[in-house]
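Since the structure comes first, as structure tokens, the remarks are kept for the end.
Derivation of every value follows stated rules applied to the coordinates shown; laboratory data play no part. Just so you know, these numbers come straight off a predicted model, no measurement behind them. FYI the Cβ positions are ideal-geometry reconstructions off the backbone, even for glycines, and counts take in every protein chain you see.
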Amino acid sequence: MRVGVLMGGSSAEREISLKTGRSICESLCRRRHTVVPIDVDATLPRQLRAKKISVAFLALHGQGGEDGTVQGLLEIMGIPYTGSGVCASAVCMDKGLTRVVLQSAGILVPAGETLQAPMIPLRPPGKLGWPVVVKPCTEGSTIGVSIVKKSSEWKKALTKAFRYGSQAVVEKYIPGREVAVGVLGNTVFPAVEVIAPGGFYNFRAKYGKAATRYLCPAPLSSRLERLLQEQSAQAYQVLGCRGAARVDFRIHPNGRPYVLELNTIPGMTERSLLPMAAGQQGMTYDDLVEAMLQAALA
């Protein structure tokens with residue numbers, strides 16, 4: 001069996017994808033798999049055929065890899081792959097559409113709306129007020145995301161978000177704690193709390209040298225831990241996910257959890273949350289990678 005590790009691509013998250021891909025390649029080699037690293041570009045179909053790939057391990061982030069396009073190609077070529085299928089990948093990549101699906105299932109999300117470029121209203125829609133979070137509809141790693149606290153920052157934040165696509169999601173800012181829950185099939189991992197400098201878990205806090213702290217398992221009451229696990233499993237199922245995924249929450253000071261988004265190809269670098277959470281269940285990094293691979297083959 002030849003495992004093609006698909007990484008890189010052309011999205012704004014290319015460098016993070018390459019880090020994830022390299023870590024996965026090293027892990028698969030330690031497990032004695034035949035590993036073929038593939039930097040994804042327009043030659044991907046030819047590379048998959050020429051390198052005789054049996055199964056694809058997706059380490060792609062962002063558009064052109066996490067949005068169902070590569071998954072569709074692999075379906076046509078008859079190559080099994082890790083992670084969610086075409087539909088779930090496309091829906092979860094679209095934050096506005098994810099909100100609609102989760103709301104229809106009774107899962108709490110922050111109040112908000114999706115705006116279409118080049119529309120820049122004078123103030124946030126509805127009765128959102130300040131502060132609000134403005135983010136591109138189809139980007140990850142908090143790229144293009146702003147927390148807007150006053151009207152003078154509003155136009156700049158929307159213009160920034162529209163640089164990454166024609167739609168932007170505007171949501172009421174939820175104060176409180178940032179928590180992530182990993183899911184792999186029927187297994188829901190312990191929650192991880194992220195404490196970022198300034199309270200904003202942005203790109204620099206995730207991948208730079210910022211003094212971000214991670215509490216794993218998160219110090220939660222048994223009731224709240226159980227609620228987060230139930231909502232994570234429900235969101236995973238409602239959106240039609242498979243393989244590994246990560247559900248991101250904000251927990252209001254009143255104890256109410258809000259789902260922010262669901263990531264169908266979670267990061268797998270040395271600072272990523274999914275391996276951290278899996279470690280609390282006794283899974284090494286290599287165990288987790290092997291489980292993700294076997295889920296694809298199943």
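Using Cα pairs closer than 8 Å and at least 6 residues apart in sequence, work out the relative contact order for the chain, in percent.
Details: 636 pairs, mean separation 58.4, N = 298.
Relative contact order comes out at 20 percent.
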Most exposed first, judged by fewest Cβ atoms within 10 angstrom, Cys25, Cys92, Cys241 run Cys25, Cys241, Cys92
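Calculate the dipole size of the chain relative to its Cα centre from +1 charges on Lys and Arg beta carbons and -1 charges on Asp and Glu beta carbons; express the result in debye to the nearest 20.
On the way: 35 positive and 23 negative charges, 129 e Å.
The dipole magnitude comes to about 620 debye.
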Cα centroids of region 119-162 and region 1-25: how far apart, whole angstrom?
30 Å
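Just to confirm the filter: which trypsin sites (Lys or Arg not before Pro) across region 50-157 are DSSP coil and have at most 10 other Cβ within 10 angstrom of their Cβ?
Values: sites: Lys51, Lys52, Lys95, Arg99, Lys127, Lys149, Lys150, Lys155, Lys156; in loops: Lys51, Lys52, Lys127, Lys149, Lys150.
Those that pass, being in a loop and sparsely packed, are Lys52, Lys127, Lys150.
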Take Leu297 and Ser166, extend 7 Å from each Cα along the Cα→Cβ direction, and tell me the distance between the two endpoints in nm.
4.3 nm
How many nm is it between the label spots at Lys155 and Trp130, if each spot is 7 Å from the Cα in line with the beta carbon?
1.5 nm
Calculated from DSSP helices alone, with each H run of at least 4 adding -39500 (n - 2.57) and the total divided by the residues of the chain, [θ]222 nm to the nearest 500 comes to -10000 deg cm²/dmol
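Using packing as a proxy for protection, rank 290-297, 115-122 so that the peptide with the highest average count of other Cβ atoms within 10 Å comes first. Don't skip to the answer; put the middle values down first.
Working: 290-297: 16.8, 115-122: 12.4.
Ranking, from highest mean packing down: 290-297, 115-122.
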Please build a GNM for the chain, connecting alpha carbons under 10 Å apart, and tell me which residue among Thr269, Thr159, Thr20 fluctuates the most.
Thr159
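Work out the length of the dipole vector of region 1-154 about its Cα centre, built from +1 on the beta-carbon of each Lys and Arg and -1 on the beta-carbon of each Asp and Glu, and round it to the nearest 20 debye.
On the way: 18 positive and 12 negative charges, 82 e Å.
It comes to approximately 400 debye.
With a 10 Å Cβ neighbour count serving as the proxy for reagent exposure, in which order, fewest first, do Asp94, Asp287, Asp41 appear?
Working: Asp94 21, Asp287 16, Asp41 11.
Ascending Cβ contact count within 10 Å gives the list Asp41, Asp287, Asp94.
At a 10 Å Cβ-Cβ cut-off, how would you order Trp154, Trp130, fewest neighbours first? Intermediate results must be reported in sequence, preceding the final value.
On the way: Trp154 21, Trp130 15.
By the 10 Å Cβ count, ascending: Trp130, Trp154.
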Apply the Karplus curve 6.51 cos²θ - 1.76 cosθ + 1.60, θ = phi - 60°, to the phi angles in region 120-130 and return the couplings in whole Hz, x for Gly and Pro.
10, x, 5, 8, x, x, x, 10, 5, x, 10
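Run the dipole for region 2-82 about the Cα centre, Lys and Arg Cβ at +1, Asp and Glu Cβ at -1, nothing else charged, and hand back the magnitude in debye, nearest 20.
Working: 11 positive and 8 negative charges, 117 e Å.
I would put it at about 560 debye.
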Among DSSP beta bridges whose residues both lie in the chain, state the antiparallel percentage, nearest 5.
75 percent
Taking 0.36 nm per residue of sequence separation and subtracting the Cα-Cα distance, how much length would be gained by fully extending the chain between Glu75 and Glu270, in nm to one decimal?
67.2 nm
Sorted by chain and then number, the residues having a modelled amide H within less than 5 Å of the amide H of Ala244, at least 5 places away or on another chain, are Gly83
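Normalising by the residue count of region 112-172, find the relative contact order in percent from Cα pairs under 8 Å and 6+ residues apart. Provide the component values of the computation, followed by the final result.
Working: 113 pairs, mean separation 29.4, N = 61.
That works out to 48 percent.
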